[in-house]
1. Of (1) part of a loop (DSSP other than H, G, I, E, B); (2) charged (D, E, K, R); (3) buried (at least 16 other Cβ atoms within 10 Å of the Cβ), ARG114 satisfies all except one. Which?
2. Within segment 54-64, track down each residue that is surrounded by 12 or more Cβ atoms within 10 Å (Cβ to Cβ) and either modelled with pLDDT under 85 or over 21 Å from TYR111 (Cβ atoms) (or both).
3. Quick test for you: out of ARG122, ARG99, ARG83, pick the one residue that is within 24 Å of PRO18 (Cβ to Cβ) and either without any contact (Cβ under 8 Å) to a residue 40 or more places away in the chain or in a loop (DSSP other than H, G, I, E, B) (or both).
4. Show the residue pairs meeting these rules: Cβ distance below 7 Å; 6+ apart or different chains; first residue within segment 16-28 and within 13 Å of LEU125 (Cα to Cα) and surrounded by fewer than 17 Cβ atoms within 10 Å (Cβ to Cβ); second residue modelled with pLDDT of 85 or more and not acidic (Asp, Glu).
5. Filter segment 76-102 down to the residues that are of a type outside the set (S, T, N, Q) and farther than 19 Å from GLY124 by Cα and list them by number.
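The values are calculated or read from the model by the stated rules, or taken from the named source; none is laboratory data. From a predicted model like this one, the values you see are computed outputs, not experimental measurements. All Cβ positions, even for glycine, are placed from backbone atoms using ideal geometry, and neighbour counts span all protein chains on display.
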Amino acid sequence: MVTPVAVLFHAEEVHVPPADDDDEIYVVAFGVSPQTAPPEGLCLQIQRDEDEEVRDGPQTLTGPCLVLDPGQRCHYQGVTDVRVGPGSVLIGLTAEAARTLEVPDDFAITYDPRTVDEETLRAGLARALAPLPIG
């Protein structure tokens, strides 16, 4: 169970591709504009590309990838728990993923529940993070 240490940010925009999306890379994104978080804004992307393997030195990385901008901080397979509720997503990470992304091990991203369908968000996260169960 995720116990959030802090709210990482309040997402002004939440992007969940449609269920029939067949793009090569499936991305669920939470964003904040540059006007709110100068100078570049803030974005957390949860990406999945099963068709591509990424070489990182001797390692081959596959599966879900978290990308935090600015800075293009990236970590593969570091999510341990996700819970979707009205107006928030609670995310738990491995210690290594948290260090790489420079965030707490457990955190929340909030959003306006009037602008995001909770079930659509849960389904999008389930697709991006499979086989991790989404609470």
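1. (3)
2. Answer for segment 54-64, where residues must be surrounded by 12 or more Cβ atoms within 10 Å (Cβ to Cβ) and either modelled with pLDDT under 85 or over 21 Å from TYR111 (Cβ atoms) (or both): VAL54, LEU61, THR62, GLY63.
3. The match here is ARG122.
4. ALA19/ALA123
5. Selection gives ALA95, GLU96, ALA97, ALA98, ARG99, LEU101, GLU102.
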